[in-house]
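Enquirer: For reference, the structure I am asking about is given below.
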Amino acid sequence: MFYPLSAFIGLRYAKASKGSHFIAFINFFSVAGIALGLMALITVLSVMNGFEGELKLRNLGITPHILVTNKSDADSNPDTFKHLKGVIASAQQIDSEGIVQSSKGLTGVMFQGIQPEVMQQSSVIAQNMLIGELTDLVKGEYGIVIGRALSIKLNLRIGEKARLMASENSYFGPFGRMYSQRVFRVVGIFDMGSALDDKAILMHIDDAARLLRSKTEKLAQTRLFLADAFDYKSVVQALTAEGYSSTNWRDQQGVLFDAVKMEKNMMSLMLLLIISVAAFNIVSALVMVVTEKQGDIAILLTQGMTRNNIMGIFLFNGIYNGIKGTVIGVVAGVLLVTQINNLVRLFNLPIFLSPDGQGLPTDLQWQQVVFLIITSLILCFLASLYPAYRAVRVNPADALKYE
């Protein structure tokens, strides 16, 4: 097979181990460092992506993606906002806060008055019901659906009753400030595995309006379900352009997701620095090769090889090591990500962080893998530039003076 001369000589230098065991040793650890760094980075990013996806699915399954303040009765039409890109469904909803009391105690909660039929089709809560269905919320029967964590906290079971007091629309009575309250019966329990499971209560939208002593049309807002909750900005901008005011999930959950994103970025930066250190080990290895092979370089120059070809030899040598380390690291990283939960079970490691106890959530995103491959190869190329420049600067007369 035909190789360019620079590639042929560079490949021989890269594979040679008899001339200098020390240089071969440094080459080996350069490749190993790049491979281990890439493997760790792919694994960490995939696990962090998995956690972020779980948070998005579970926390944002309860928190509305976007709540739009209705301007008129026409906004209650389910098709009013369907024309907005990214919106997959809409429903009328009342959001408020209050206190729920049972025989065991009381706690602060946020309650949502929902349209059960629409939520049954569009909300991820419907897929995580342990007992009952969202459609069991019937107008006038004052039923509630609560999270498993809240049912344990207040010792509430299906069919049991609890008193819910609304913090809004309070009034002064003979005994001071009075809060609107009503006894509700538990008709369903969900388990989203989120931090909001012990704070969220769902009820029929008309029952929520009665609790707040107002009309449904006056209190209701339109809840928009997005295909991807993170793509909320374009929808909010479109709503603002049409004259609607709205709130979105970032008002309640933005700090949490910003913290997760910052942690992922910092972990990526630290592991990328490991790859950088390994890549720049190539500098020391190639500089030693240049120093050791000055006589060979001088002979090649006297026989007519151009300095560009000499530079190509050492660039190819460094990039070859980078490619080798990158391929090993990517293959090892992908295998580790796909088998990480099997390894956790095999070695009986106490890591069961997903809500359903199935181990670490992972999400391998190939665009991230491609970006890491390109970054690694660029670092290896940059690390090879200085030794290649040193090789080009060799003076044949000085190098061959004592030969």
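The values are calculated or read from the model by the stated rules, or taken from the named source; none is laboratory data. Treat the numbers as computed from the prediction; the structure is a model and nothing was measured. Backbone-built Cβ (ideal geometry, glycine too); neighbour counts: all protein chains shown.
Enquirer: Of the conditions (1) modelled with pLDDT of 90 or more; (2) surrounded by fewer than 15 Cβ atoms within 10 Å (Cβ to Cβ), residue 171 satisfies every one except a single condition; which number is it?
Expert: (1)
Enquirer: Residues that are within 24 Å of residue 57 (Cα to Cα) and touching a Lys or Arg at 6+ places or on another chain (Cβ under 6 Å), at least 2 per element: which strands (runs of 3 or more DSSP E) completely within segment 137-238 meet that? Don't jump to the end; show me each part of the working.
Expert: Numbers: elements: 143-147, 161-166, 171-173, 176-178, 181-190, 200-204, 221-226.
Ranges flagged: none.
Enquirer: Quick check, is residue 104 touching a residue at least 12 places away in the same chain (Cβ under 8 Å), out of contact with any strand residue (DSSP E or B) (no Cβ under 6 Å at 6 or more places or on another chain) and outside any helix (DSSP H, G or I)?
Expert: yes
Enquirer: Also: Here is a list: 351, 340, 328. Which entry is of a type in the set (A, V, I, L, M) and at pLDDT 90 or above?
Expert: Details: 351 fails: at pLDDT 90 or above; 340 fails: at pLDDT 90 or above.
Of the residues listed, the single one that is of a type in the set (A, V, I, L, M) and at pLDDT 90 or above is 328.
Enquirer: Would you check which residues across segment 251-275 are buried (at least 18 other Cβ atoms within 10 Å of the Cβ) and not hydrophobic (A, V, I, L, M, F, W, C) and list them?
Expert: 253 - this is the single residue of segment 251-275 that is buried (at least 18 other Cβ atoms within 10 Å of the Cβ) and not hydrophobic (A, V, I, L, M, F, W, C).
Enquirer: Do you know which of the residues in segment 220-245 that are over 23 Å from residue 121 (Cα atoms) and either in contact (Cβ under 8 Å) with a residue 12 or more places away in the chain or among the aliphatic types (A, V, I, L, M) (or both) is surrounded by the most Cβ atoms within 10 Å (Cβ to Cβ)?
Expert: 239
Enquirer: Just checking, how many residues over segment 115-142 are under 19 Å from residue 180 (Cα atoms) and buried (at least 16 other Cβ atoms within 10 Å of the Cβ)?
Expert: So the first thing to find is which residues in segment 115-142 are under 19 Å from residue 180 (Cα atoms), and the list is 139-142.
Add one more test, that the residue is buried (at least 16 other Cβ atoms within 10 Å of the Cβ), and what stays is 142.
Looking only at that region, the number is 1.
Enquirer: Of the numbered conditions (1) of a type in the set (Gly, Ala, Ser); (2) part of a helix (DSSP H, G or I); (3) in the same structural domain as residue 224 (by TED's automatic domain parsing), residue 284 fails exactly one; give the number of that condition.
Expert: (3)
Enquirer: Sort out which residues of segment 124-136 are part of a helix (DSSP H, G or I) and among the charged types (D, E, K, R), and write them in order of number.
Expert: Result: 136, single match.
Enquirer: Which is within 26 Å of the chain's Cα centre (by Cα), part of a helix (DSSP H, G or I) and more than 21 Å from residue 218 (Cα to Cα), of 56, 85?
Expert: That would be 56, the only listed residue that is within 26 Å of the chain's Cα centre (by Cα), part of a helix (DSSP H, G or I) and more than 21 Å from residue 218 (Cα to Cα).
Enquirer: Select, from 148, 157, the only residue that is of a type outside the set (Ser, Thr, Tyr), out of contact with any Ser or Thr (no Cβ under 9 Å at 6 or more places or on another chain), over 15 Å from residue 208 (Cβ atoms) and at pLDDT 90 or above.
Expert: 148
Enquirer: In the set 121, 92, which member is farther than 15 Å from residue 161 by Cβ, in contact (Cβ under 8 Å) with a residue 12 or more places away in the chain, part of a strand (DSSP E or B) and out of contact with any Cys (no Cβ under 7 Å at 6 or more places or on another chain)? So that I can check it myself, show each step before the final result.
Expert: On the way: 121 fails: part of a strand (DSSP E or B).
After applying the criteria, what remains is 92.
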